[in-house]
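Here the structure is laid out as structure tokens; the discussion comes afterwards.
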Amino acid sequence: MSDAVHSHGHHDDHHDDHSHGSFGSYMIGFGLSVILTAIPFWLVMTGVLNDPQLTGVVIMGFAAVQMVVHMIYFLHMNTRLEGGWSFMALMLTIVLVVIVLSGSLWVMYHLNNNMMPHADMSAMQQMSEMP
């Protein structure tokens, strides 16, 4: 019985040293995060892109890249961690979030188009003023 209790060994008490980043990797992550924040800020403040929708798409792209930078440099996520299961769980989460968000946007867009009156409001007002 005592062999079963002690069979796990000393390895379970501490994580591998490979899972923690060095000072240099943290500084690389910090630098990339600052750059990936400053560029969208500059885009919005200067109005370089005249189209607000294009600016929003570009900012969302920078946000996605910044999430990946945070996961790699600060959370130390990779495909080797826990045999790849944490990475697979992350991928499943991303897929579900994309499905929920895109489905919600699709439903809201179609509700907006289908529920709004299609008649000209000025024509309706003129009809109501007629005796």
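Within the stretch 29-62, the set of residues being part of a helix (DSSP H, G or I), without any contact (Cβ under 8 Å) to a residue 24 or more places away in the chain and in contact with a Leu (Cβ under 8 Å, 6 or more places away or on another chain) comprises 43, 55, 58, 59. Within the stretch 72-90, residues that are under 12 Å from residue 21 (Cα atoms) sit with their Cβ atoms under 8 Å from residues that are outside any loop (DSSP other than H, G, I, E, B) and hydroxyl-bearing (Ser, Thr, Tyr), at 6+ positions apart or across chains, in these pairs: 73/25; 73/26; 74/26; 76/19; 77/86.
Could you say whether any residue in the stretch 99-109 is among the β-branched types (Val, Ile, Thr) and surrounded by 11 or more Cβ atoms within 10 Å (Cβ to Cβ)? No: zero hits. Only residues that are surrounded by 14 or more Cβ atoms within 10 Å (Cβ to Cβ) and either over 14 Å from residue 76 (Cβ atoms) or of a type in the set (Val, Ile, Thr) (or both) were counted across the stretch 18-38, and they come to 4. Entry remark, the stretch 33-74: residues being under 22 Å from residue 87 (Cα atoms) and small (Gly, Ala, Ser) number 4 in total.
Bear in mind these aren't lab numbers, they're just calculated from the coordinates by the rules spelled out. Note that the structure is a prediction, hence the values are computed from the model and not measured. Note that each Cβ is placed from the backbone with ideal geometry, even for glycine, and that neighbours are counted across all protein chains shown.
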